[in-house]
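K.L.:
I'd like to ask some things about the structure below.
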Amino acid sequence: MDKGSILDQEIEVAREVQMSTLPDFMPEMAGYDVAGTVWPADATGGDTFDLAALDDTNMFVLLADATGHGIGPALSALQLQSMLRVALRLGASLDEGFRHINAQMVEDLPEGRFVTACFGLINTQTHVFQFHSAGQGPILHHHTSAGEFEWYEPSCFPLGFIEHQEQYRVRELKLEPGDILALISDGIYEYENEAGELFGTQGVSQVLEANHHLPMSELVAVLHQAAVEYGGGTPQRDDITIVFIQRTEQVLSTRKAEHEFKRSLDSLDDIFNFVAEFFISRGIDSSLRYSVDLAIDELFTNMVRYNADESSDILIELVQEQNGLSVSMTDHENPPFDVTKDGPEVDINLPAEERDTGGLGLHLVKEMVDSFEYQSDGYRCTITFTKQPE
Amino acid sequence: MFEISGPENGIIIFSGRLDTAQAERARSYTNSHTQVSTFDFAELEYISSAGLGVLLVVHKRLMRSGGTLKLINVNHHICDVFRYSGFDKLLDIVPVDS
């Protein structure tokens, strides 16, 4: 084997190691939609990013770019990522972690090498992002409802450049519903077209302005594509990394979701999608889906059929409970009809000639859910059922 | 998404989700193929009581000429629904695993 192919193999191994440190999946934080991707310019690049749930409320965010490309910078970026994750997991503050890790990198990195990085924590309860941006910028806070773009320049030197003479304090920004935090490496901002002009903050803001409603995983791809098209055939010179974090608008409470549906059988599709989304986002055991769908289908259908005079919407509320959930359906009704008691008896042992389907729906609901309750004040009634894994 | 097609080799094929909103479509389709006595449920994910009503009508019609409705490749969730409703004693049901 000649030296060249051995080197190729080694680079391939380095690439595997580097890629393995990128998040395998995006953290699921209630009320947040996050996505990130790296497109290296070489087999290995100096860019990396990280998104990780440290606990129920804190999400670690990192975008790092080491000078140069190839294995050397890739290793530096990797070192920073590893140290930061461990420091924050051990409970170090961002300020402390920053100071010690910078000192370590000053010691370790060869002359002329350094790493720019923006890193911080998002608190998903307060929606505050606390961060440092060591030579990394601009960091974008897109206020989507106002259509404004707020750009944060670097707050201090890159890591590994010089020991801190002063304590840098974290910066803070607060994400409102719909807002997007964008950490984008200079591979995008400095993407050149044939005339040598840069894609720039203007290119980024145009793409976000037009596409901020997309899921973040799609928005990442759309921005990358826009830069490549802007380049019009000029090759990618630098690593590209894009990380988007959006505070979504819908979720107000982590365990609960509610929605009103039109009094029509046509609403069933929307209802099933609403339930499916709730199961996925809360990680609820999918084997419960059938029973929950069926119970909602039967109860909703009854409300539509037997209360056809009402034009009001029907409210469905889902609440995560332990490993399962409870479902409440609220309707206006007159006169009261207790579905848990007043339905017809069903004898499942009758021969086919004597069977009909009257009451069969409610019979199935009672068989398939764990608890089944009815409450009414004579005007509004609420049916609640629960379902837990066996 | 609910689809119904066939008969192919004398079998009507159900797929997707037969919820209450789709039951009328299943009813009219099966009414126009009264000679068919076997339904393939391999791709059917879901059925509610309205769908059971459609099956009961078909079965009663077949009984009048001495027949029985046969369902093949039925998934275990739907088998549970047949058991809870007593339909497992009326129809000829072949679960997907057997």
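K.L.:
Among the listed residues A:A41, A:A35, A:A53, A:A77, identify the single one that is buried (at least 23 other Cβ atoms within 10 Å of the Cβ) and of a type in the set (G, A, S).
P.N.:
Values: A:A41 fails: buried (at least 23 other Cβ atoms within 10 Å of the Cβ); A:A35 fails: buried (at least 23 other Cβ atoms within 10 Å of the Cβ); A:A53 fails: buried (at least 23 other Cβ atoms within 10 Å of the Cβ).
The conditions single out A:A77.
For (1) farther than 30 Å from A:L360 by Cα; (2) more than 29 Å from the chain's Cα centre (by Cα); (3) surrounded by 13 or more Cβ atoms within 10 Å (Cβ to Cβ); (4) not basic (K, R), each residue gets a yes or a no:
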{"residue": "A:G233", "(1), (2), (3), (4)": "yes, yes, no, yes"}
{"residue": "A:D238", "(1), (2), (3), (4)": "yes, no, yes, yes"}
{"residue": "A:T241", "(1), (2), (3), (4)": "yes, no, yes, yes"}
{"residue": "A:Q246", "(1), (2), (3), (4)": "yes, no, yes, yes"}
{"residue": "A:R282", "(1), (2), (3), (4)": "yes, no, yes, no"}
{"residue": "A:V304", "(1), (2), (3), (4)": "no, yes, yes, yes"}
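K.L.:
Being touching a Phe, Trp or Tyr at 6+ places or on another chain (Cβ under 9 Å) and either outside the structural domain of A:P40 (by TED's automatic domain parsing) or free of Cβ contacts under 8 Å to residues at least 40 places away in the same chain (or both) is the filter here; which residues of the range A:202-226 pass it?
P.N.:
Step one: filter the range A:202-226 for residues touching a Phe, Trp or Tyr at 6+ places or on another chain (Cβ under 9 Å), giving A:203-205, A:208-209, A:216-217, A:219-220, A:223-224, A:226.
Within the range A:202-226, A:G203, A:L223, A:A226 meet the criteria.
K.L.:
Buried (at least 17 other Cβ atoms within 10 Å of the Cβ), at the interface with chain A (Cβ under 10 Å from one of its Cβ atoms), in a helix (DSSP H, G or I) and not hydroxyl-bearing (S, T, Y) - does that describe any residue in the range B:64-78?
P.N.:
The answer is yes; a qualifying residue exists.
K.L.:
Follow-up. Out of all the residues in the range B:1-35, which are surrounded by fewer than 16 Cβ atoms within 10 Å (Cβ to Cβ), in contact with a Gly (Cβ under 7 Å, 6 or more places away or on another chain) and either within 14 Å of another protein chain (Cβ to nearest Cβ) or in a loop (DSSP other than H, G, I, E, B) (or both)?
P.N.:
B:M1
K.L.:
Next up: Kindly list the number of the only condition in (1) of a type in the set (F, W, Y); (2) surrounded by 13 or more Cβ atoms within 10 Å (Cβ to Cβ); (3) over 39 Å from the mean Cα position of the chain (by Cα) that fails for A:F300.
P.N.:
The failed condition is (3).
K.L.:
Report yes if A:S205 is hydroxyl-bearing (S, T, Y) and within 14 Å of another protein chain (Cβ to nearest Cβ), otherwise no. Let's see the steps before the verdict.
P.N.:
Working: hydroxyl-bearing (S, T, Y): yes; within 14 Å of another protein chain (Cβ to nearest Cβ): no.
No, not satisfied.
K.L.:
Shifting gears a bit: If A:A53 satisfies all but one of (1) in contact (Cβ under 8 Å) with a residue 60 or more places away in the chain; (2) within 18 Å of A:V128 (Cα to Cα), what's the number of the condition it fails?
P.N.:
So A:A53 meets the others, but not (1).
K.L.:
Taking only pairs six or more apart or across chains, which ones have beta-carbon atoms under 9 Å, a first residue in the range A:16-29 that is under 16 Å from A:L54 (Cα atoms) and aliphatic (A, V, I, L, M), and a second residue that is modelled with pLDDT of 80 or more and surrounded by fewer than 16 Cβ atoms within 10 Å (Cβ to Cβ)?
P.N.:
Sorted first by the residue in the range A:16-29, then by its partner, the pairs are A:M26/A:S217; A:M29/A:T57.
K.L.:
Turning to a different aspect of this structure: From (1) in contact with a helix residue (DSSP H, G or I) (Cβ under 8 Å, 6 or more places away or on another chain); (2) within 23 Å of A:K366 (Cα to Cα); (3) touching a residue at least 40 places away in the same chain (Cβ under 8 Å), pick out the condition that doesn't hold for A:F278.
P.N.:
Condition not satisfied by A:F278: (1).
K.L.:
Where residues in the range B:80-98 are among the β-branched types (V, I, T) and away from chain A (no Cβ under 14 Å), which of them is farthest from A:R289 (Cα to Cα)? Step through it out loud before you land on a result.
P.N.:
First, pick out the residues of the range B:80-98 that are among the β-branched types (V, I, T): B:81, B:93-94, B:96.
Keeping just the survivors that are away from chain A (no Cβ under 14 Å) gives B:94, B:96.
Working: B:V94: 23, B:V96: 19 Å.
Only one residue fits best here, namely B:V94.
K.L.:
Out of (1) within 14 Å of chain A (Cβ to nearest Cβ); (2) surrounded by fewer than 16 Cβ atoms within 10 Å (Cβ to Cβ), what's the single condition that is false for B:Y46?
P.N.:
Going through (1) within 14 Å of chain A (Cβ to nearest Cβ); (2) surrounded by fewer than 16 Cβ atoms within 10 Å (Cβ to Cβ) one by one, B:Y46 breaks only (2).
K.L.:
Counting only residues that are within 12 Å of chain B (Cβ to nearest Cβ) and modelled with pLDDT of 95 or more, give me the strands (runs of 3 or more DSSP E) lying completely in the range A:305-390 with at least 2 of them.
P.N.:
Numbers: elements: A:314-321, A:324-332, A:371-376, A:380-387.
Answer list for the range A:305-390: none.
K.L.:
Give me the residue from the range A:293-302 that is closer than 16 Å to A:H259 by Cα and not aromatic (F, W, Y) and, out of that set, nearest to the other protein chains (Cβ to nearest Cβ).
P.N.:
The first filter runs over the range A:293-302 and keeps only residues closer than 16 Å to A:H259 by Cα, leaving A:293, A:296-297, A:299-300.
In the following step, the residues that additionally are not aromatic (F, W, Y) were identified as A:293, A:296-297, A:299.
Values: A:D293: 6, A:I296: 10, A:D297: 5, A:L299: 11 Å.
That would be A:D297.
Yes/no matrix, rows are residues, columns are (1) modelled with pLDDT under 95; (2) surrounded by fewer than 21 Cβ atoms within 10 Å (Cβ to Cβ); (3) under 23 Å from A:D33 (Cα atoms); (4) not small (G, A, S):
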| site | (1), (2), (3), (4) |
| --- | --- |
| A:L140 | no, yes, yes, yes |
| A:T144 | yes, yes, yes, yes |
| A:E163 | yes, yes, no, yes |
| A:R171 | yes, yes, yes, yes |
| A:I184 | no, no, yes, yes |
| A:E194 | yes, yes, no, yes |
| A:Q206 | no, yes, yes, yes |
| A:P215 | yes, yes, yes, yes |
| A:V222 | no, yes, yes, yes |
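K.L.:
Is at least one residue of the range B:44-51 among the aliphatic types (A, V, I, L, M) and outside any helix (DSSP H, G or I)?
P.N.:
Yes, the conditions are met somewhere in the range B:44-51.
The values are calculated or read from the model by the stated rules, or taken from the named source; none is laboratory data. All values derive from a computational prediction rather than experimental measurement. FYI the Cβ positions are ideal-geometry reconstructions off the backbone, even for glycines, and counts take in every protein chain you see.
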